[in-house]
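Values in this text are rule-based calculations from the coordinates and carry no lab data. Nothing here was measured: the structure is a model prediction, and the numbers come from that model. Glycine gets a Cβ as well: all are built from the backbone with ideal geometry, and neighbour counts include every protein chain shown.
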Amino acid sequence: MHEWHLQATREAWHRASLETTYRELSDKDIEFLLAMPPDSGPSRVSEIAKRMGVASNYASQYKRRLLEDGVIGERGRGLVGFDIPAFREFLNEKAF
């Protein structure tokens, strides 16, 4: 098999796994995640809540779900970041 074919296969598989993950998310999960991309690095949960227009404890419910699903990970006290490679970019493509 040619190297370019292997690369194309890997990319197609990765894209399909991103699509599957995306389809399994609730609308509020997606809203939480879309509130993260404006930050270049880890996002503060309090800022995510503010962007969503909800209280921090409400946003924390979605944080917890996304942590359990492995979509995001903790990056310090009150900070989260994407744990799935390229998911931030994938969400930006879906949203716009």
- Query: Which of these values of percent of Cα pairs over 20 Å apart was calculated from the structure shown: (i) 51; (ii) 45; (iii) 37?
  - Reply: (iii)
- Sum -39500 (n - 2.57) across every DSSP H segment of at least 4 residues in the chain, then divide by the residue count to get the 222 nm mean residue ellipticity, nearest 500. -19000 deg cm²/dmol
- If you count, for each residue, the other Cβ atoms within 10 Å and average over each peptide, how do 73-79, 30-36 line up from highest to lowest? 30-36, 73-79
- Item | Using θ = phi - 60° and Karplus 6.51 cos²θ - 1.76 cosθ + 1.60, couplings along region 42-56 (whole Hz; Gly, Pro as x) | x, 10, 7, 4, 4, 6, 4, 4, 4, 5, 7, x, 10, 6, 4
- Label residue 23 and residue 65 with points 7 Å out from Cα along Cα→Cβ: what is the distance between them in nm? 1.8 nm
- Message: Give me the dipole magnitude in Debye, nearest 20, for the chain about the Cα centre, with unit charges on the beta carbon: positive for Lys and Arg, negative for Asp and Glu.
- Response: 380 debye
- Task: Evaluate E = 1/(1 + (r/R0)^6) for residue 46 and residue 3, where r is the Cβ-Cβ distance and R0 equals 41 Å; express this FRET efficiency to the nearest 0.05.
- Result: 0.35
